[in-house]
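Asks: If you scroll down you'll find the structure; I have some questions about it.
The values are calculated or read from the model by the stated rules, or taken from the named source; none is laboratory data. Model, not experiment: these values are computed from the prediction. Using ideal geometry, Cβ is built from the backbone for each residue, glycine included, and neighbour counts are taken over all protein chains shown.
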Amino acid sequence: MNRPRLHLGKVPIDVVDFAEAIDAIDRLIQSRTGGFVLTPNVDHVVGVEKNPAFEHAYSRASLSLADGMPLVWASKLLGQPLPERVSGSDVCGPLLERAGQKGWRVYLFGAGPGVAQKAAEVVKERWGTNVVGVDNPMVDPNDASQVDRIAAQLAATRPDLILVALGAPKQEILIDRMAERLKPAVLLGIGASLDFIAGTVKRAPVFMQRAGLEWAYRLSQEPGRLWRRYLVEDPKFVAILLRTLREKRRSA
């Protein structure tokens, strides 16, 4: 099924609502052809500008979901409005519930020590999800031997769905480099979602998520790790949006 897709800077974003996104991932899994799903936010739009491997991952994504209100607002300025924010963290619950209903084999990969295991216990109890493996190894996507070893380890469990929680851009680059070898599995980059499921990290209140202020909540939780991303790098998003607007007007 062909979906409308907009580009914000170098990042493609599919114009889908939440229900359509879940159904699209379901169809991807049922098709048994493999593929991967990414969830761009402001940080990703800025990051691909200087990282060719990150950009390459986005160019090959089967589905790209707008994980952030600023992307929704920007889409309206670009004349291709996204119907709503479709965050990876919000997608995880309904998708894992559907996995339980349909008997999909799910692998949880990444997050901190013990987090994936705790998340596995939660989803098994809550939705009856068949979790066939968990792991959180140190991994360098640029180390081909490591990527080969991890891909073989994952493939051995015959997963239908692999949730990858390593943070950007590592998870997107690793997903891109493993996806072909993991067919027919579908991979989904989910950032901190396993921490949210396990309860090791709290999500921002819903009103902050809807107001586009989830970044501020996360910054308050981890200022030492996140200050540069949110206060130095992410403001570059405005310049990328303005450039995209100029390019769109020229090509009109």
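Asks: Which fully enclosed helices (runs of 4 or more DSSP H) of segment 188-227 have 1 or more residues being modelled with pLDDT under 85 and not β-branched (V, I, T)? Walk me through it before giving the result.
Replies: On the way: elements: 193-198, 206-210, 214-221.
Output list reads 206-210, 214-221.
Asks: Out of curiosity, is G100 out of contact with any strand residue (DSSP E or B) (no Cβ under 9 Å at 6 or more places or on another chain) and over 25 Å from D43 (Cβ atoms)? Reasoning before the result, please.
Replies: Numbers: out of contact with any strand residue (DSSP E or B) (no Cβ under 9 Å at 6 or more places or on another chain): no; over 25 Å from D43 (Cβ atoms): yes.
When the stated conditions are applied, G100 does not pass them.
Yes or no, residue by residue, for (1) closer than 17 Å to G199 by Cβ; (2) crowded, with 18+ Cβ neighbours inside 10 Å; (3) among the β-branched types (V, I, T); (4) touching a Gly at 6+ places or on another chain (Cβ under 7 Å):
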site: R98; (1), (2), (3), (4): no, yes, no, no
site: E125; (1), (2), (3), (4): yes, no, no, no
site: N136; (1), (2), (3), (4): yes, yes, no, yes
site: D140; (1), (2), (3), (4): no, no, no, no
site: V147; (1), (2), (3), (4): no, yes, yes, no
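Asks: A further question on this structure: Here is a list of conditions, (1) over 26 Å from R250 (Cβ atoms); (2) assigned to a helix (DSSP H, G or I), and F36 meets all of them except one; can you say which number that is?
Replies: With (1) over 26 Å from R250 (Cβ atoms); (2) assigned to a helix (DSSP H, G or I) applied to F36, the lone miss is (2).
Yes/no matrix, rows are residues, columns are (1) free of Cβ contacts under 8 Å to residues at least 40 places away in the same chain; (2) not aliphatic (A, V, I, L, M):
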{"residue": "L182", "(1), (2)": "no, no"}
{"residue": "V186", "(1), (2)": "no, no"}
{"residue": "G189", "(1), (2)": "no, yes"}
{"residue": "D195", "(1), (2)": "no, yes"}
{"residue": "A239", "(1), (2)": "yes, no"}
{"residue": "L242", "(1), (2)": "yes, no"}
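Asks: In segment 11-39, what residues are surrounded by fewer than 16 Cβ atoms within 10 Å (Cβ to Cβ) and either at pLDDT below 95 or among the polar types (S, T, N, Q) (or both)?
Replies: Q30, S31, T33
Asks: Look through G88, G103, G112 and report the one residue that is at positive phi and touching a residue at least 12 places away in the same chain (Cβ under 8 Å). It would help to see each step written out before you state the result.
Replies: On the way: G88 fails: at positive phi; G112 fails: at positive phi.
Going through G88, G103, G112 in turn, the sole match is G103.
Asks: If I filter segment 64-114 down to residues being among the hydroxyl-bearing types (S, T, Y) and outside any helix (DSSP H, G or I), which single residue comes out as farthest from A168 (Cα to Cα)? Give the steps one after another, and end with the answer.
Replies: Looking only at segment 64-114, we keep the residues that are among the hydroxyl-bearing types (S, T, Y), and these are 64, 75, 87, 89, 107.
Still in the running and outside any helix (DSSP H, G or I): 64, 87, 107.
Values: S64: 14, S87: 14, Y107: 19 Å.
Step by step, filter segment 64-114, then rank; the result is Y107.
Asks: What are the residue pairs meeting all of these: first residue in segment 156-168, first residue free of Cβ contacts under 8 Å to residues at least 60 places away in the same chain and within 14 Å of A179 (Cβ to Cβ), second residue surrounded by fewer than 24 Cβ atoms within 10 Å (Cβ to Cβ) and of a type in the set (A, V, I, L, M), Cβ atoms under 8 Å, and 6 or more apart or on different chains?
Replies: Close Cβ pairs satisfying both conditions: P159/V132; P159/L182; I162/L154; I162/L182.
Condition check ((1) polar (S, T, N, Q); (2) modelled with pLDDT of 95 or more; (3) crowded, with 18+ Cβ neighbours inside 10 Å) across all residues:
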| site | (1), (2), (3) |
| --- | --- |
| S64 | yes, yes, yes |
| P83 | no, yes, no |
| S89 | yes, no, yes |
| P94 | no, yes, no |
| W104 | no, yes, yes |
| Y107 | no, yes, yes |
| A151 | no, yes, no |
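Asks: Related question: Checking the condition assigned to a helix (DSSP H, G or I) and of a type outside the set (D, E, K, R), which residue from V48, V16 passes? Spell out how you get there, then give the answer.
Replies: Values: V16 fails: assigned to a helix (DSSP H, G or I).
Going through V48, V16 in turn, the sole match is V48.
Asks: For L8, indicate whether it is modelled with pLDDT of 95 or more, farther than 27 Å from E97 by Cα and either in contact with a strand residue (DSSP E or B) (Cβ under 6 Å, 6 or more places away or on another chain) or aliphatic (A, V, I, L, M) (or both).
Replies: On the way: modelled with pLDDT of 95 or more: yes; farther than 27 Å from E97 by Cα: yes; either in contact with a strand residue (DSSP E or B) (Cβ under 6 Å, 6 or more places away or on another chain) or aliphatic (A, V, I, L, M) (or both): yes.
Criteria met by L8.
Conditions tested, residue by residue: (1) out of contact with any helix residue (DSSP H, G or I) (no Cβ under 6 Å at 6 or more places or on another chain); (2) under 19 Å from I175 (Cα atoms).
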site	(1), (2)
D14	yes, yes
A19	yes, no
D23	yes, no
I29	yes, yes
F36	no, yes
V48	no, yes
N51	yes, yes
E55	no, yes
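Asks: Pick from segment 115-139 the residues that are assigned to a loop (DSSP other than H, G, I, E, B) and at pLDDT 95 or above: which of them is farthest from R181 (Cα to Cα)?
Replies: Taking segment 115-139 and keeping what is assigned to a loop (DSSP other than H, G, I, E, B), we get 128-129, 136-139.
Okay, now just the ones that are also at pLDDT 95 or above, so 128-129.
On the way: G128: 28, T129: 24 Å.
Only one residue tops the list, namely G128.
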